[in-house]
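Comments concern the structure below.
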Amino acid sequence: MDKIDNTKKQDVDTTPEIDTQEAPQEAPCISRRQLLITGGKMGGLAAMSMLLPPQVWAGKSKRSGMVSSAVTARTARYPRIKVGRLSALKQDKPVIIRYPGKADGQKALLIKLGEPALGGIGPDRDVVAFNAFCTHQGGPLEDQYDAKNKIMGPCEFHLSSFDLTRHGMMVSASAVQNLPQIVLELKGNDIYAVGVLGLIYGYPDNLLGV
Ligand code: FES
């Protein structure tokens, strides 16, 4: 029986040699700290775009020239509907309106808060309107206005609450999206609804069926 010659096997090994003298070039990368800072800024911008009303963006765009046209394009689809009269509103007495359509899910509360609010109209910037269904799982908020704290909630289903002075920002419990704010305009004594900030619960598009 022939012996295997290990010496010959080593002779035919064609594995390319790695030159350990020259380190491979590293791909450009950013540090974890840089990533966090960058991510934070981008996240903040994204959050702002959801929170701020078109009027605010329009005001900013005069300086930056960036965001105004996009917001205009989005709100231009909404109908302009008269939803109330300023003189008829009483502080902390919500009035039910429907916007942008007449469907039950588009029920909203028009409220004079008695203190300035982001997106508020009127001489005291305290008149706002919000969709009346929780953004978590659609819990009814129609009877959940808390006049003392100017919040909508707690939702009867899982206790979410929304700050009506800050664009309906969620302040507790399960919801992860702000309460959709109805964008209002004042002409004389007449209040008009002209858009919606945020997606109404259960709607892939707020204007579905309108
Ligand atoms: S449906 Fe309102 S908190 Fe869950």
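Nothing in this text is a laboratory measurement; each read-out follows from the coordinates by a stated rule. As the structure is a computational prediction, the values presented were derived from the model and not from experiment. As a convention, Cβ positions derive from the backbone with ideal geometry for all residues, glycine included, and neighbour counts pool all protein chains shown.
All other residues with a Cβ under 12 Å from the Cβ of residue 95 taken together, and with Lys, Arg as +1 and Asp, Glu as -1, what is their net charge?
Here the charged neighbours net out to +4.
Rank the residues 169, 152 as a footprinting-exposure proxy: fewest other Cβ atoms within 10 Å of their Cβ go first.
With the sparsest Cβ surroundings first, the list reads 169, 152.
Between residue 125 and residue 205, what is the label-to-label distance in nm when each label sits 7 Å out along the Cα-to-Cβ direction?
Label-label distance for residue 125 and residue 205, simple model: 3.4 nm.
Please arrange 96, 121, 151 by how many other C-beta atoms lie within 10 Å of their C-beta, fewest to most. Provide the component values of the computation, followed by the final result.
Values: 96 11, 121 19, 151 23.
So the ranking, lowest neighbour count to highest, is 96, 121, 151.
Find out how many positive minus negative residues lie around residue 138, taking Lys and Arg as positive, Asp and Glu as negative, among other residues whose Cβ is under 13 Å from that of residue 138.
Local charge sum for residue 138: -2.
Dividing the Cα radius of gyration by the Kirkwood radius, what Rg/Rh value follows for segment 79-210? Working shown, then result.
Details: Rg = 13.4 Å, Rh = 14.3 Å.
On the Cα set of segment 79-210, Rg over Rh gives 0.93.
Give me 165, 135 ranked fewest to most by other Cβ atoms within 10 Å of their Cβ, as a rough exposure proxy.
165, 135
How much length is gained on full extension from residue 96 to residue 142, taking 0.36 nm per residue of separation minus their Cα-Cα distance?
On the way: separation 46, 0.36 × 46 = 16.56 nm, distance 0.81 nm.
Answer, rounded to one decimal: 15.7 nm.
In the structure shown, do any of 150/187; 107/148; 82/148; 93/150; 102/150; 90/150 have a Cα-Cα gap over 20 Å, and if so which?
150/187; 107/148; 82/148; 102/150
Radius of gyration and Dmax for segment 170-210's Cα atoms, expressed in Å?
Rg and Dmax of segment 170-210, Cα atoms, are 13.2, 40 Å.
Using a cut-off of 13 Å between beta-carbons, work out the net charge of the residues near residue 147 (Lys and Arg +1, Asp and Glu -1, residue 147 not included).
Working: positive: 90, 93, 112, 148, 150; negative: 92, 115, 126, 143, 146.
Net of charged neighbours comes to 0.
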